[in-house]
Amino acid sequence: LPVTAFAAGTSSLHVLYNLCFRVAMEELGVDSELSGAEVIAAALKEQDVRYMFGVVGIPVIEIAMAAQAAGIKYIGMRNEQAACYAASAVGYLTGRPGVCLAVSGPGLIHALGGMANANMNCWPVIVLAGSSDKNQETMGAFQEFPQVEACRLYSKFSARPSSLEVLPVIIEKAVRSSIYGRPGACYVDIPGDMVTSKVHTASLRTAPCCSSPPLGTADPTAVREAALIIKNAKRPLVVVGKGAAYSHAEECIRKLVDVCRLPFLPTPMGKGVVPDDHLHCVSAARSRALLNADVILLLGARLNWMLHFGLPPRFRSDVKIIQVDMCAEELGNNVMPVAALLGDVKTVVRQLLDFFRINPWIFPSNSEWWLFLKEKIKANEELSQAMAAHKSLPMNYYTVFHTIQPLLPKDCIIISEGANTMDIGRTMLHNYLPRHRLDAGTFGTMGVGLGFAIAASLIANDQTPHQRVICIEGDSAFGFSGMEVETMCRYNLPVVIIVVNNNGIYSGLDEDSWKTMAEFGEPSIVVPPTTLLPNAHYEQVMTAFGGKGYFVQTPEELRKALVSCLAQEKMPSLINVMIDPSSGRKKQDFTWLTLSKM
């Protein structure tokens, strides 16, 4: 039994005893009774759910205890939003959904942000929330709220079981719906009186564990057509999305890149499907590659805002898109593809490889296209290196990431969020393995970092001990869920948090400017809206709970602190890195989509 269950006292032991006793009785053919909480836990366990995150209270405490007794790991979080982020990250990293457990009303509402983020990212997650008793509906019950209706906006499936007997099949359907087709969030509403009510095991409608999703193949004629278009391209480009990472398509995509010697560009969470240091990676010439490619093979990526909708001025008006996606509704969004390959990314890429095995073809490495891309790669890398070499203090973003990069283990999982912190870090911090970078994602959600890091660290501890999780946060982003450092300390999760602190959102003020501005009047009137308190000591939040904290202002201090953090394998740590409040990105070829006009 987990330590947390023991800490709950004899009540947890009673749950465990009852569960074991009833299992034994069933094996002897003796009918027994289970509580609703025990039915839920058993159904989740049957569906191979391994992790549950939540904030307990009436009426869901017994569900968390029963889950622990059934062998499901329960992680008590400090906010339901972070709990839902963590549960969804489990879904992305493992292919089976994690569970977010919430109380009724406000608790569920807090979890809606995580559900929306999971749905936008196409990550599987199950949300269970308590609700008012069935016999109190419409009476103004405690925290009564139209939860099923509210969750329909943010989920693929939302249901309130009609009875205890159907709970197992409802949970099976929720799990299956979360991973079949386009993955996403699913919600099951649990009336409070259902949690403690009893049901005879013989009357339960049980459901076996749903199998992994079926993998579809593309129309062979369309595959052949796509391959011929690639062969005839003068400026081909492969774009690798996080859908390719979720599909575990890394082996076949790397083979396609190697066999045909095609330039490729990963999206932020597509990084590592093919290693960032691969000779054919053109991330350092991203804008040039997208703007000038005449044929783009889109692998598990959507032509949404992250890829500028596939439209001018960021793309050629006559670009030919070959789109590979598991979701038929996605094919043709914003740009009509010349070849639409509906199916699992890994399966479809294997079909393309079969064609090129029979009809060998290599894109020439001395082509005008490759020379054009390499020219830009060289120029951008030199510019970044020059900015990283600045010796002045406070440091800039490039100096920080230049210092961090060589110290990170190649197999570490990088979590990143924040504006410039995330964008610059994406270009300077390399990923060598798939599903080893998680960030704000399709929804651009800030506050996901610590929840993601907790989930990644739990999975790493269970599957690959000693693998490190590095959570790189802007100071504003850290503020959304900073109290989750207590969760990390409570569960001994050795996450390394690096807060890149510029005293603000996008930019802030140094301490002297802050004091001067304060003399002009009330802060709520005169202080810029993007400003946060200068030189805030975020590392003290970590030390308050027993973790390690470091306040650094120079590259050497940063280097020493990170080495020390990586040596810690039993507790989390936080490095608060002070940078120039006015530090920004190098000049961009195109302004960002939502750049302020101030």
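Of all the residues that make up segment 370-388, how many are touching a helix residue (DSSP H, G or I) at 6+ places or on another chain (Cβ under 7 Å) and either at pLDDT below 95 or of a type in the set (S, T, N, Q) (or both)?
5
Looking at (1) free of Cβ contacts under 8 Å to residues at least 12 places away in the same chain; (2) surrounded by fewer than 14 Cβ atoms within 10 Å (Cβ to Cβ); (3) over 19 Å from S476 (Cβ atoms), which is the only condition S524 fails?
(3)
Only one of T267, T206, T217 is at pLDDT below 95 and either among the polar types (S, T, N, Q) or open to solvent by 40 Å² or more (accessible area, probe 1.4 Å) (or both); which?
Going through T267, T206, T217 in turn, just one is at pLDDT below 95 and either among the polar types (S, T, N, Q) or open to solvent by 40 Å² or more (accessible area, probe 1.4 Å) (or both): T206.
Please go through (1) assigned to a helix (DSSP H, G or I); (2) closer than 28 Å to K391 by Cβ; (3) out of contact with any strand residue (DSSP E or B) (no Cβ under 6 Å at 6 or more places or on another chain) for L458 and return the number of the only condition it doesn't satisfy.
Among (1) assigned to a helix (DSSP H, G or I); (2) closer than 28 Å to K391 by Cβ; (3) out of contact with any strand residue (DSSP E or B) (no Cβ under 6 Å at 6 or more places or on another chain), L458 violates only (2).
Restricting to segment 306-329, name every residue that is buried (at least 18 other Cβ atoms within 10 Å of the Cβ) and assigned to a helix (DSSP H, G or I).
Residues satisfying the conditions are L307, H308, G310.
Picking from L290, L298, L303, which residue would you name as being under 21 Å from F443 (Cα atoms), among the hydrophobic types (A, V, I, L, M, F, W, C) and not in a strand (DSSP E or B)?
Of L290, L298, L303, the one residue that is under 21 Å from F443 (Cα atoms), among the hydrophobic types (A, V, I, L, M, F, W, C) and not in a strand (DSSP E or B) is L303.
When both residues are 6+ apart or on different chains and their Cβ atoms are under 6 Å apart, which pairs have a first residue that lies in segment 214-226 and is polar (S, T, N, Q), and a second that is surrounded by 13 or more Cβ atoms within 10 Å (Cβ to Cβ)?
Pairs that qualify, where the first residue is polar (S, T, N, Q) and the partner is surrounded by 13 or more Cβ atoms within 10 Å (Cβ to Cβ), are T217/G343; T217/T347.
So which of A567, A544 is open to solvent by 10 Å² or more (accessible area, probe 1.4 Å), over 24 Å from the mean Cα position of the chain (by Cα), among the aliphatic types (A, V, I, L, M) and closer than 25 Å to G54 by Cα?
Just one listed residue meets the conditions, A544.
Just one of (1) in a strand (DSSP E or B); (2) modelled with pLDDT under 95; (3) among the hydrophobic types (A, V, I, L, M, F, W, C) trips up I414, so point out which.
Exception for I414: condition (2).
Which of the residues belonging to segment 287-305 are of a type outside the set (A, V, I, L, M), touching a Leu at 6+ places or on another chain (Cβ under 8 Å) and crowded, with 18+ Cβ neighbours inside 10 Å?
R288
For segment 414-435, what are the residues that are in contact with a helix residue (DSSP H, G or I) (Cβ under 9 Å, 6 or more places away or on another chain), under 22 Å from N461 (Cβ atoms) and open to solvent by 10 Å² or more (accessible area, probe 1.4 Å)?
Result: L433, P434, R435.
Can you confirm whether I171 is among the β-branched types (V, I, T), under 15 Å from P191 (Cα atoms) and under 25 Å from the mean Cα position of the chain (by Cα)?
Judged against the criteria, I171 is a match.
Can we say Q68 is within 20 Å of the chain's Cα centre (by Cα) and assigned to a helix (DSSP H, G or I)?
The answer is no for Q68.
Can you name the residue in segment 151-189 that is touching a residue at least 40 places away in the same chain (Cβ under 8 Å), touching a helix residue (DSSP H, G or I) at 6+ places or on another chain (Cβ under 7 Å) and aliphatic (A, V, I, L, M) and is also farthest from N121 (Cα to Cα) among such residues?
So the residue we want is L164.
Quick one: which of I253, I230 is over 27 Å from L438 (Cα atoms) and assigned to a helix (DSSP H, G or I)?
When all the criteria are applied, what remains is I230.
Checking S573 against (1) at pLDDT 95 or above; (2) surrounded by fewer than 18 Cβ atoms within 10 Å (Cβ to Cβ); (3) under 26 Å from the mean Cα position of the chain (by Cα), which single condition isn't satisfied?
With respect to (1) at pLDDT 95 or above; (2) surrounded by fewer than 18 Cβ atoms within 10 Å (Cβ to Cβ); (3) under 26 Å from the mean Cα position of the chain (by Cα), S573 is out only on (2).
With the requirement that a residue be charged (D, E, K, R) and surrounded by 13 or more Cβ atoms within 10 Å (Cβ to Cβ), what does segment 355-392 give you?
K374, K376, E381
Is it true that some residue in segment 164-181 is of a type in the set (S, T, Y), modelled with pLDDT of 95 or more and within 22 Å of A67 (Cα to Cα)?
yes
Restricting attention to segment 528-539, does a residue exist that is open to solvent by 30 Å² or more (accessible area, probe 1.4 Å), modelled with pLDDT of 95 or more and closer than 23 Å to L408 by Cβ?
Yes, the conditions are met somewhere in segment 528-539.
Do you know which residues across segment 333-372 are part of a loop (DSSP other than H, G, I, E, B), out of contact with any strand residue (DSSP E or B) (no Cβ under 7 Å at 6 or more places or on another chain) and closer than 24 Å to H308 by Cβ?
Across segment 333-372, the qualifying residues are N333, N334, M336.
Are any of the residues in segment 465-472 within 20 Å of Q553 (Cα to Cα), modelled with pLDDT of 95 or more and within 13 Å of the chain's Cα centre (by Cα)?
yes
Could you check how many residues of segment 547-564 are under 24 Å from the mean Cα position of the chain (by Cα) and aromatic (F, W, Y)?
Count: 0.
Do you know which residues across segment 156-207 are of a type in the set (K, R) and either more than 27 Å from N135 (Cβ to Cβ) or part of a helix (DSSP H, G or I) (or both)?
K156, K173, R176, R182
Can you confirm whether segment 333-351 contains a residue that is without any contact (Cβ under 8 Å) to a residue 60 or more places away in the chain, open to solvent by 50 Å² or more (accessible area, probe 1.4 Å) and of a type in the set (D, E, K, R)?
Looking for residues that are without any contact (Cβ under 8 Å) to a residue 60 or more places away in the chain, open to solvent by 50 Å² or more (accessible area, probe 1.4 Å) and of a type in the set (D, E, K, R), one finds none in segment 333-351, hence no.
Which numbered condition in (1) within 24 Å of V166 (Cα to Cα); (2) modelled with pLDDT of 95 or more; (3) surrounded by 22 or more Cβ atoms within 10 Å (Cβ to Cβ) is the only one that P59 fails?
Of (1) within 24 Å of V166 (Cα to Cα); (2) modelled with pLDDT of 95 or more; (3) surrounded by 22 or more Cβ atoms within 10 Å (Cβ to Cβ), only one is false for P59: (2).
The values are calculated or read from the model by the stated rules, or taken from the named source; none is laboratory data. In this text the structure is predicted, and so the values were computed from the model without any measurement. Glycine also receives a Cβ, built like all others from the backbone with ideal geometry; neighbour counts cover every protein chain displayed. Heads up: the accessible areas ignore ligands, DNA and RNA and are worked out on the full protein's heavy atoms, side chains in. Shrake-Rupley method; radii C 1.70, N 1.55, O 1.52, S 1.80 Å.
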